[in-house]
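A.B. asks: To start, I am sharing the structure in question, which I have written as structure tokens.
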Amino acid sequence: MAEEAKLIPHVSSELKPFFDAARNHQLAVQKCDNCGALRFPAAPMCLKCDSTRSSWVTVSGRGKIFSYTIMHRAYHPAFKAPYALAVVELDEGPKMTSNIVGIEPSKVRCGMPVQVMFDKLNEDVTLPRFRPAD
Amino acid sequence: MSLRGKTAIAGLGITRMGKNYDHSNALGFAAEAISLALEDAGLKRSDLDGLLVTTGVSYRDGLASFALQDSMRLTTRLLADVNAGGSSAGTAIAIAAQAIVAGTANVVACVFGDAPLKPPVAGAKSGGAGDAYGTLRGLDSAYGAFGANWVYALLAQRHMYLYGTTQDQLGAIAVAERQWANRNPLAQFYKEPLTLEDYHNSRWIAEPLHLYDCCIVSNGGVCVIVTSAERARDLRKPPVYILGVGQGHHPGPTLENLDTGIPIAKETAFRMAGVELKDIQVAELYDCYTITVLLSLEGYGFCKKGEGGAFAAQTRLGHNGSIPINTGGGELSSYYMWGMTPVSEAIIQARGEGGERQAPKHDIVLASCQTRNLSTHSVVVMGTNP
């Protein structure tokens, strides 16, 4: 039996703290060292105070679906259409592109509360995705 | 110093569009488009002294400007690749106009060529438009976020959520554009009508986008030749004067609050042209997706923010509607040449060469080009008088 197809993201030095946290089942975002504002995706500068110094901190992993789409074509064998692709607005503010799993894609809605789950792709890479909140 | 009326579009070349394999790559289509535009203008290859090149999906092949200059044995004073994505056409025309007014070039060819479609190969399991556009985007691709469809699907879903925009309203845009395409012999869908029922029955691509919410895929090339207003008056075709140009780049993400780069680009171009929205007699709006048209209608102020859906459905955008918008059928139904789709149709309309689809009034025509989910924008206001 062929091994299940997987799409393993490249762990860049910029995103290493994100993936380190995910391996420990924690969701991390960037935090400005100067003003404390949180941000994601990773960026070189704080949009609030222009500081370029930042660290990574863990957040609750809870949020709401900001918008979503149901992809009806899988461009890679790691995905089976239809699947839900969403932007999740975390309770702490930052927004994250991710998948919504554990629910029929057709039942996904904007505003739906979700929480993070962790999908271990291999020994090095665990990917955070989201499922409906308990 | 204003550019208003100092330069003009003197030549337009459009190759065959769609599933044609007249050339094996983007440069071939670009070269043919230049040749057609020279013929249209009554100019010779040796008259060109500026070349601005944009290749669509084929941009990964390297610097097209060098290759095209070499292959055509051109001698120029201005040579560059212009890659601002879908907004490149308006950007290139502005650069050309500025160069001509500044005296750094005299006759500039702005050309776009693309060849995402390859001839079918027996037994092949890959290829075609899906492969060409199924690009990876960093971490997002790990979530199955490939290409552009998902980006615009999220915008449409958010618009529906915030403003109650409906699938019927998106469909109305697709149907209206098809009505125009059915009057455009250059359009890939010239002979195929589309009803709202057909729209609803078409397959999902990225919900809430149906197949007919998405632009088509085209092999082809378009060239626009820009020169001084004075020189253009001596050439074969009536000059289409460049009245105003502008760019607007919003930091995005557009999804955040559905704001776009349009108001910035519009302010610059309209101020230069000395026009207001009510003066625009024909509007060619970038339409990679139906939602792009809807957000552009709002961005330019044809209707209020959030009302684009109702506006599109109630105002007949199609043939014999109240505002001639996307009169060629746009990227949804005519051909997908990035910003050269709205630009080429705007030139055709301004010249009065639109045949069955010609707008009755066409003295001031707008072509808007965008990319990066509408955060990046360029606009050209053209006119029949300087």
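A.B. asks: Which value, to two decimals, describes the C-alpha radius of gyration of chain B once divided by 2.2 N^0.38 Å?
C.D. replies: Here the answer is 0.92, to two decimals.
A.B. asks: With an 8 Å cut-off on Cα pairs and a minimum separation of 6 or more residues, tell me the relative contact order of segment A:16-132 in percent.
C.D. replies: Relative contact order, segment A:16-132: 24 percent.
A.B. asks: Run through the DSSP bridge list for segment A:16-132 and note the antiparallel percent, rounded to the nearest 5.
C.D. replies: Taking every DSSP beta bridge within segment A:16-132, about 95 percent pair in antiparallel fashion.
A.B. asks: In the neighborhood of B:Leu78, defined by Cβ-to-Cβ distances under 15 Å, what is the net charge if each Lys or Arg adds +1 and each Asp or Glu adds -1?
C.D. replies: Charge balance in the 15 Å sphere: -2.
A.B. asks: Count the net charge of all other residues whose Cβ sits under 14 Å from the Cβ of B:Gly329, scoring Lys and Arg as +1 and Asp and Glu as -1.
C.D. replies: Overall, the nearby charge balance is -3.
A.B. asks: Using a Gaussian network for chain B with springs between C-alpha atoms less than 10 Å apart, which of these wobbles most: B:Gly86, B:Gly355, B:Gly56?
C.D. replies: With Cα springs under 10 Å in chain B, the top fluctuation among B:Gly86, B:Gly355, B:Gly56 is at B:Gly355.
A.B. asks: Another one. State, as an integer percentage, the relative contact order of chain B based on alpha-carbon contacts under 8 Å between residues 6 or more apart.
C.D. replies: 25
A.B. asks: Taking the highest mean first, how do the peptides B:238-245, A:91-98 order by number of other beta carbon atoms within 10 angstrom per residue?
C.D. replies: Highest-to-lowest ranking by the protection proxy: B:238-245, A:91-98.
A.B. asks: If you roll a 1.4 Å probe over chain A with all protein chains in place, what percent of the accessible area is carbon or sulfur?
C.D. replies: 49
A.B. asks: Okay, next question. Chains A and B: buried accessible surface, both sides, probe 1.4 Å, rounded to 100 Å²?
C.D. replies: In total, this chain pair buries about 2400 Å².
A.B. asks: In what order, largest first, do A:Met45, B:Met340, B:Met1 sit by accessible area if the probe radius is 1.4 Å?
C.D. replies: Ranked from most to least accessible, the order is B:Met1, A:Met45, B:Met340.
A.B. asks: How far apart, in nm, are two points set 7 Å out from the Cα along the Cα-to-Cβ line at A:Ala43 and at B:Phe66?
C.D. replies: For A:Ala43 paired with B:Phe66, the spin-label model returns 3.4 nm.
A.B. asks: Compare B:Trp338, B:Trp150, B:Trp204 in a GNM of chain B, Cα atoms joined below 10 Å, and give the one with the largest fluctuation.
C.D. replies: B:Trp204
A.B. asks: Give me the percent of DSSP beta bridges within the protein assembly as shown that run antiparallel, rounded to the nearest 5.
C.D. replies: 80
A.B. asks: Also, quick follow-up: Along the Cα→Cβ direction, 7 angstrom out, place labels at B:Glu356 and A:Asp33. What is the inter-label distance in nm?
C.D. replies: Result for the modelled spin labels: 6.7 nm.
A.B. asks: Hey, another quick one. Between B:Ala102 and A:Asp134, what is the FRET efficiency for a Förster distance of 45 Å, r being their Cβ-Cβ separation, to the nearest 0.05?
C.D. replies: E between B:Ala102 and A:Asp134, to the nearest 0.05, is 0.10.
A.B. asks: So for the pair B:Lys305, A:Leu121, with labels modelled 7 Å out along Cα→Cβ, what separation do we get in nm?
C.D. replies: The modelled label-to-label distance comes out at 3.6 nm.
A.B. asks: Take peptide B:207-215, look around each residue's Cβ out to 10 angstrom, count Cβ atoms belonging to other protein chains, and average those counts.
C.D. replies: That average works out to 2.
A.B. asks: Here is a further query. Enumerate cysteines in chain A without a disulfide-compatible partner, where compatibility requires another Cys Cβ under 4.7 angstrom.
C.D. replies: Taking the Cβ cut-off of 4.7 Å, the unpaired cysteines of chain A are A:Cys110.
A.B. asks: Dividing the alpha-carbon radius of gyration of segment A:16-132 by 2.2 N^0.38 Å (N being the number of residues), what value is obtained?
C.D. replies: Output field value: 1.11.
A.B. asks: Still on this structure: So how much slack lies between A:Asp50 and A:Ser13, counting 0.36 nm per residue of separation and subtracting their Cα-Cα distance, in nm?
C.D. replies: 11.2 nm
A.B. asks: Suppose we compare each residue of segment A:57-71 in its chain alone and in the full protein complex with a 1.4 Å probe; which ones drop by at least 20 Å² of accessible area?
C.D. replies: A:Phe66, A:Ser67, A:Tyr68, A:Thr69, A:Ile70, A:Met71
A.B. asks: Hey, another quick one. Taking the solvent-accessible surface of protein heavy atoms with a 1.4 Å probe, what is the per residue accessible area of segment A:16-132 in Å²?
C.D. replies: Value returned for segment A:16-132: 48 Å² of accessible area per residue.
A.B. asks: Taking K and R as +1 and D and E as -1, what net charge do the other residues with C-beta under 10 Å from the C-beta of A:His72 add up to?
C.D. replies: Overall, the nearby charge balance is +1.
A.B. asks: Further question: Label the protein assembly as shown by shape, choosing from rounded, prolate and oblate, from the square roots a ≥ b ≥ c of the eigenvalues of the Cα gyration tensor; if a/c is under 1.5 it is rounded, and otherwise prolate applies when a/b is larger than b/c, oblate when it is not.
C.D. replies: In terms of gyration-tensor shape, prolate.
A.B. asks: Of all beta bridges DSSP finds with both residues in chain B, what is the antiparallel percent, to the nearest 5?
C.D. replies: About 70 percent, rounded to the nearest 5.
A.B. asks: Go through segment B:134-175 and flag every residue whose accessible area shrinks by 20 Å² or more with all protein chains in place compared to the isolated chain (probe 1.4 Å).
C.D. replies: With the partner chains in place, segment B:134-175 has these residues losing at least 20 Å²: B:Leu139, B:Asp140, B:Ala142, B:Tyr143, B:Gly144, B:Phe146, B:Asn149, B:Trp150, B:Leu154, B:Gln157, B:Arg158, B:Tyr161.
The values are calculated or read from the model by the stated rules, or taken from the named source; none is laboratory data. Given the structure is predicted, the values throughout are model-derived calculations rather than measurements. Every residue, glycine as well, gets a Cβ built from its backbone with ideal geometry; the counts of neighbours run over all protein chains shown. In case anyone asks, the SASA skips ligands and DNA or RNA and just uses the protein heavy atoms, side chains included. Shrake-Rupley method; radii C 1.70, N 1.55, O 1.52, S 1.80 Å.
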